[in-house]
Every structure is written in C-alpha cells, then in structure tokens.
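*Asks:* Quick one: this structure, given as structure tokens, is what I'll be asking you about.
None of the figures in this text is laboratory data; all of them are computed from the coordinates on show. Here the structure is a predicted model, which means the values were calculated and not measured. Here the Cβ positions follow ideal geometry from the backbone for every residue, glycine too, while neighbour counts run over all protein chains shown.
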C-alpha cells in the first residue's frame, strides 16, 4: 500500500553537512514513519554533502539532482511536479536542510488533518536555535485561520519548514512564484488565502528553526529591502488590504535595507517585547 505523505527538501551549495545530517535524521526518525522523502540537490554542492546524500540507504529517500541552481522556489516546484504525478500522495510536508523536526511532528500533523477536513495548510509553533543547537527563543503563532489571516497583514503566518499541506492546495493555488527574491512563501500564502484555502497552526513546538551566522545578512540590505517592499505590495493587492498596511510594509522594507547588525537588534527587540507581553 502506498503512503499518502510526501516530504520535500531542497539542498544547495551553502548547506552544511552537520546541519543537513541533523535535519535528515529528524525526518527519518519520525514516529509517523510511513512517508516518502524527496530531496533535490539544487546545483553543485559540497563534496561531503553530495557524498552523504548519495550514500543514504533508507528506501523512503528519493534523491534527484538539478544541474544548475535555480533557487528555492524552482527546486520546490520541481519536487512538487514529481509528487503530484502520484495521486496516492494526499499530504505534502516541507523541510529545510538546516532545521530540525520534532520526532512527533508528522504524527501530530497527520492526525490533525484526519480530524480537521477543512484545513488545507498546517504549521506549528517553533523554537529558534543557534549554530550550536542552543535555545534562542520560543515562537508561538496564532492557531486559527482568522487569527493567521489577521497576522498576515503584517507578518508571515508560518515557519515555512514546519508546514504540511493537502495536495489540493497545490492543485488549486498552483506552484510557488519564481519571480520573488527569497519571499516566495510569503506571496504563496497570500495566493492561498485568496483562493479560499484554510490555515492552522498546532500550538506545540514541532520544529527547531536554525538561526545561523548569516541569517540576518541574508535578510537585510538594499536589495532585500527593495524586494521585500515589492513582495508586500503584491501581497497587499492580492488580499485587498487597507492603505495603512502599505505604509507599514514600506516602513519595514526601509528597515530591512539597514545593515545586518541593525536588523538583528530590531529582531531581538521584537522578541523581547513579545516576551514581556506574555509575562
């Protein structure tokens, strides 16, 4: 009997073997073990990374290679095309090559979908960790669709690598947009909402999200700030958000243009304020 769950992961040249090994192991040791694990090597990678993946013996792993690196959105779309060819896959889980899934993540999410037929896209709360795996912060997100939709007017509703979704979401919304710089998931969520898809988060920490030494650098600078504003304008138009949200989006985009150390301070300030509110 075929499994109904496919897991997709993209690996590229900047992924480190140590983090990748932890990420892959966290998937292969899930308590819900009935899945197929599709991994795409997106362009040339480090020899030790390629060698590690090539020598994984788990029969659930389906490894493929993309000759030239095309970015995360194209790699995920490549994997989704493969997965959707098999009608037995009803659920699709995302995973990143440097994050760590809780052993019970798939068990919890699969069970949730069985009990909540309306929900089409499901994430979870998560823990931020550093390069050594040490705790930085716990991140709780809204759980219901309406709360998530409200949050999305200013911030993303999911940790991308925590998400599991029904195949009909891809069939109705389409693939990830490939004309957005690093923010393809942001735009995709807005398209999903506009198509009537229903969101939810499980109020449990089911993912450890890695904050490495280049995390803030990748999310700062003039180029990133410009593309952030462009993406948010597109999202605001899709969701028909009010004018003041455009002003907010523009302000955040300007902040994103600042140096990485300033962005890190800004993120830490937000975390500190949110912690005070909870306390």
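*Asks:* Please compute the modelled spin-label separation between residue 144 and residue 218, points set 7 Å along Cα→Cβ, answer in nm with one decimal.
*Replies:* Calculated label separation equals 3.4 nm.
*Asks:* Using a 7 Å offset from the Cα along the Cα-to-Cβ direction at both residue 130 and residue 82, what is the distance between the two label points in nm, to one decimal?
*Replies:* Label-label distance for residue 130 and residue 82, simple model: 3.6 nm.
*Asks:* Could you identify which residue out of 20, 63, 141 has the top mean-square fluctuation in a GNM of the chain using Cα springs shorter than 10 Å?
*Replies:* Between 20, 63, 141, it is 63 that shows the largest mean-square fluctuation.
*Asks:* Is the shape of region 115-267 best called rounded, prolate or oblate, per the rule: a/c under 1.5 gives rounded, else a/b larger than b/c gives prolate, else oblate, with a ≥ b ≥ c the square roots of the Cα gyration tensor eigenvalues? List each step's numbers first, then the result.
*Replies:* Values: a/c = 1.81, a/b = 1.15, b/c = 1.58.
It comes out oblate by the Cα gyration axes.
*Asks:* Further question: Give the order of 147, 115 when sorted by the count of other beta carbons within 10 angstrom, beginning with the fewest.
*Replies:* Values: 147 15, 115 8.
Fewest-to-most Cβ neighbours within 10 Å comes out as 115, 147.
*Asks:* If we count other beta carbons within 10 Å of each Cβ, what is the order of 163, 187, 252, fewest first?
*Replies:* Ordered by Cβ neighbours within 10 Å, fewest first: 252, 187, 163.
*Asks:* Hey, rough spin-label estimate for residue 14 and residue 172, points 7 angstrom out along Cα→Cβ, what's it come to in nanometres?
*Replies:* 3.4
*Asks:* What is the order of 212, 36, 98, 179, fewest Cβ neighbours within 10 Å to most? Walk me through the numbers on the way to the answer.
*Replies:* Numbers: 212 15, 36 19, 98 23, 179 10.
Ranking 212, 36, 98, 179 by Cβ neighbours within 10 Å, fewest first, gives 179, 212, 36, 98.
*Asks:* Which value in Å is the Kirkwood Rh of the chain over different Cα pairs?
*Replies:* Working: mean 1/r = 0.0516 Å⁻¹.
Result for the chain, one decimal place: 19.4 Å.
*Asks:* Next question. Do you know the relative contact order of region 5-212, to the nearest whole percent, from alpha carbon pairs under 8 angstrom that are 6+ apart?
*Replies:* For region 5-212, the relative contact order is 27 percent.
*Asks:* Nearest 500 deg cm²/dmol is fine: what mean residue ellipticity at 222 nm does the chain get from its DSSP H runs of n ≥ 4 alone, each adding -39,500 (n - 2.57), divided by its residue count?
*Replies:* On the way: 11 runs with 124 residues, N = 279.
Rounded to the nearest 500, the figure is -13500 deg cm²/dmol.
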